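**Q** Take a look at the following structure, please.
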Amino acid sequence: MKKTFLFICCAIVATSSMADDKAKKDSVNPNKPVFTVVKENKISSIKDQNRSGTCWAYSTLSFFESEILKKTGKEYDLCEAFVANHTYMDRAIQVVRFHGDCQFSQGGSAYDPLYCLQHYGICPEDAMPPAGSLYGDSLNNFNEFFRLLEPYVAAIAKSPAKKISNQWKVGLQGILDAYLGKCPETFKYDGKTYTPQTFAASLGLDWNDYVSVTSYTHHPFWTSFAVEVQDNWRFPLSYNVPMDDMMRIIDNAIMNGYTVAWGGDVSEDGFTRQGLAYAVDDKATSSLSGSDMAKWLKLTKTAKSSKLDSLGCNVPEIVPTQEMRQARFDNWELTDDHGMLIYGIAKDQNGKEYYIVKNSWGKAGEYKGIWYMTKTFICANTMDYLVNKNAIPKDIRKKLGI
């Protein structure tokens, strides 16, 4: 009994010591954001794309999983490998048709999973081999896979032959199946037998409800166009709206229980690996960091990230404009880097608003796989996003004719 009591006392002291250490650690940076949730919608579990360029599959299937949750209350884990298998074949076919005068790569857009759902269906995660298992890994690792795939496709697309056979597709399908797994023709789920098409139909969603939104001035507002980035290779159209309306759609969606499949630029200095994202005003930040502008710009990305972490919620941000977005798109500063899922809104202790965003890098960062990205960052760095058309404010829908 005494030993037990002594053990309990030691445990209490140890716990207290750990709490004190944590408090001291947090007190080192008084600028660390403290978030209050304004609105948070349901999402499925956090996944890890690991060493694969498939954020477009993870973020968009996560979006559809949230759509199903909202509509039916059921949680699904849809299979990214199924989407990748079909998408890479389709992309290779396009590259061959263009005789190699377009890009074949790991990337894609939010439209690719939607196209797959409409044309090929989908299966649950466990209907195909676990990610990486076919080549002895526990997660995706596309290094070897694409070292085989890219030259294979290039060899066909750039062939000097006057005529090619369809056997190249058989060979390519063999590589896809070897690394991703073969897409099932039928499978069982909850005691029922499905095909990928009947399973997709059973999810209860109308694939015609989903539209893409963007905001640029090189095309007229209130029209639609295919955003000119290489991973938008199927050329789906996005509705072009003014920047403020682009943001109003996101807010309206979140506040009405919807999520948003976001695609944009995360290569900026303000996107930290700790789970925060700010649209940094370099000039103002250099002054606060104790350096002049020239010195600030010469710092490594790691050094800048450390400075930004110390400034926390007091990082000065730019004021995005329509002209700024267009200029950054045209001069290649605003790039199509990553896909994520916006599912909530929060405020920090200064009242600044952030979007709560689900990533696909496992439970990385301070917030275990969740990022808090300021509305300013999203406004400045959005390439385009997929959203349920019913989440769009009525006046905007009317102008777009949807």
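The values are calculated or read from the model by the stated rules, or taken from the named source; none is laboratory data. In this text, all values refer to a predicted model and were calculated from it rather than measured experimentally. Cβ atoms come from the backbone with ideal geometry, glycine included; neighbour counts cover every protein chain shown. Ligands, DNA and RNA are excluded from the accessible area calculation, which covers all protein heavy atoms including side chains. Shrake-Rupley method; radii C 1.70, N 1.55, O 1.52, S 1.80 Å.
**Q** Using 7 Å Cα-to-Cβ label points, what is the Arg273/Asn350 separation (nm, one decimal)?
**A** Here the answer is 2.5 nm between the modelled labels.
**Q** What helices in the chain pass both tests, a Cα length along the helix axis of 24 Å or more and a mean Kyte hydropathy of 0.0 or higher, using whole DSSP H runs?
**A** 2-27, 55-72
**Q** Probe 1.4 Å, all protein chains in place: accessible area of Leu176 in Å², nearest 10?
**A** Surface open to solvent at Leu176 totals about 0 Å².
**Q** Which length gain, in nm to one decimal place, applies between Val229 and Met255 when the Cα-Cα distance is subtracted from 0.36 nm times their residue separation?
**A** Gain in length upon complete extension: 6.4 nm.
**Q** Over all Cα pairs of the stretch 46-101, how is the pair count split among 10 Å bins, expressed in % and running from 0 up to the last occupied bin?
**A** In whole percents, the pair-distance histogram is 21, 39, 26, 11, 2.
**Q** How many Å³ per residue does the convex hull of the Cα positions in the stretch 186-325 occupy?
**A** Details: hull volume 27.7 nm³, N = 140.
So the per-residue hull volume is 198 Å³.
**Q** If I model a spin label as a point 7 Å beyond the Cα along the Cα-Cβ vector, how far apart are those points for Tyr135 and Ser202 in nm?
**A** Distance between label points: 3.2 nm.
**Q** Something else about it: Taking only protein heavy atoms and a 1.4 Å probe, what accessible area per residue, in Å², does the chain have with all protein chains in place?
**A** So the chain comes to 48 Å² accessible per residue, rounded to a whole number.
**Q** Kindly sort Thr285, Thr376 by accessible area of their heavy atoms, largest first, with the probe set to 1.4 Å. Kindly include the intermediate steps, with their values, before the conclusion.
**A** On the way: Thr285 0, Thr376 35 Å².
Reading off the accessible areas and sorting them downward yields Thr376, Thr285.
**Q** Now for a different question. Quick one: compute a quarter of the convex hull surface over the Cα atoms of the stretch 357-400 and quote it in nm².
**A** If you wrap the Cα atoms of the stretch 357-400 in a convex hull and average its projections, you get 4.4 nm².
**Q** Please report the relative contact order for the chain, taking Cα pairs under 8 Å with a sequence separation of at least 6, and give it as a percent rounded to a whole number.
**A** Averaging sequence separation for qualifying contacts and normalising by length gives 23 percent for the chain.
**Q** Could you give me D for the stretch 254-396, from Stokes-Einstein at 4 °C and 1.567 mPa s, where the hydrodynamic radius is the Kirkwood radius over C-alpha pairs? Units µm² s⁻¹, please.
**A** Translational diffusion coefficient: 81 µm²/s.
**Q** Name all residues of the stretch 295-325 having a backbone nitrogen under 16 Å from the label point set 7 Å from the Cα of Lys283 along its Cα→Cβ direction, giving them as ranges.
**A** What the label zone holds, given the 16 Å backbone N cut-off, is 295-297, 316-321, 324.
**Q** At a Förster radius of 22 Å, what calculated FRET efficiency corresponds to the Cβ-Cβ distance of Gln103 and Lys163, to the nearest 0.05?
**A** Values: r = 25 Å, r/R0 = 1.12.
Rounded to the nearest 0.05, the efficiency is 0.35.
**Q** Distances longer than 26 Å among the Cα atoms of the stretch 112-232: what percent of all pairs is that? Present the calculation step by step, with values, prior to reporting the outcome.
**A** Values: 3338 of 7260 pairs.
I get 46 percent for the Cα pairs in the stretch 112-232 exceeding 26 Å.
**Q** How much FRET efficiency would the formula 1/(1 + (r/R0)^6) give for Arg248 and Gln326, where r is the Cβ-Cβ distance and R0 is 25 Å, rounded to 0.05?
**A** 0.85
**Q** So, one more: Under a straight-distance cross-link criterion of Cα-Cα below 14 Å, which aspartates and glutamates are reachable from Lys352, leaving out those fewer than 8 residues away in the same chain?
**A** Answer for Lys352, where 14 Å is the Cα cut-off: Glu317, listed by chain and number.
**Q** Nearest 20 debye, what's the magnitude of the dipole of the stretch 147-264 about its Cα centre given +1 on Lys and Arg Cβ and -1 on Asp and Glu Cβ?
**A** 800 debye
**Q** Let me see the P(r) profile for the chain: every Cα-Cα distance counted, bins of 20 Å, each bin given as a percent of all pairs.
**A** That works out to 24, 52, 21, 2, 0, in percent per bin.
**Q** What whole-number value in cubic angstrom gives the convex hull volume per residue for the C-alpha atoms of the stretch 34-178?
**A** Normalising the Cα hull of the stretch 34-178 by residue number yields 141 Å³.
**Q** Moving to a separate point now. Would you mind calculating the gained length between Lys398 and Val34 on full extension (0.36 nm times residue separation, minus the Cα-Cα distance), in nm to one decimal?
**A** That pair, Lys398 and Val34, stretches by 127.2 nm at full extension.
**Q** Suppose R0 equals 51 Å; then what is the FRET efficiency for Tyr367 and Ala155 from their Cβ-Cβ distance, rounded to the nearest 0.05?
**A** On the way: r = 44 Å, r/R0 = 0.87.
Efficiency for this residue pair is about 0.70.
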